[in-house]
1. Across segment 27-40, what is the number of residues that are surrounded by 14 or more Cβ atoms within 10 Å (Cβ to Cβ) and out of contact with any Ser or Thr (no Cβ under 6 Å at 6 or more places or on another chain)?
2. Need at least 2 residues that are over 21 Å from D71 (Cα atoms) and without any contact (Cβ under 8 Å) to a residue 12 or more places away in the chain per element, so show me which strands (runs of 3 or more DSSP E) inside segment 9-57 make the cut, counting only ones lying wholly within it.
3. Restricting attention to segment 3-17, does a residue exist that is farther than 21 Å from L74 by Cα, among the basic types (K, R) and at pLDDT below 85?
Amino acid sequence: MIKSLLQTRQLNCEIRYDLDYDNVVLPNEKYDSERTYKKTTGYQPGVATIRNIPVYIEGRSGNSPAKYKQDETLGKHANY
């Protein structure tokens, strides 16, 4: 995704950007939804953004703790 943003000049490789990573609760009633910390059923994907542009989304179940394997997730993509 980041390579595409560089090619379309939405990001510039000469500029340093902040990466924001957070888990987002997506409430739903699908059969495999799990209970979230907000006491709803749903999913809780991890989302990384740069300048409010999503650059990575990782699917997670609703009851995944926010810090669960976060270091691995961010480490996988440190080469960008």
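The values are calculated or read from the model by the stated rules, or taken from the named source; none is laboratory data. Please read these numbers as outputs of a predicted model, since none were measured by experiment. Virtual Cβ from ideal backbone geometry, glycine too; neighbours counted across all protein chains shown.
1. 2
2. Counting at least 2 such residues, we get no strands (runs of 3 or more DSSP E) at all.
3. The answer is no; no qualifying residue exists.
This table checks each residue for (1) at pLDDT 85 or above; (2) surrounded by 13 or more Cβ atoms within 10 Å (Cβ to Cβ); (3) more than 30 Å from Q7 (Cα to Cα).
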| site | (1), (2), (3) |
| --- | --- |
| D22 | no, no, no |
| G42 | yes, yes, yes |
| P65 | no, no, yes |
| Y68 | no, yes, yes |
| E72 | no, no, no |
| N79 | no, no, no |
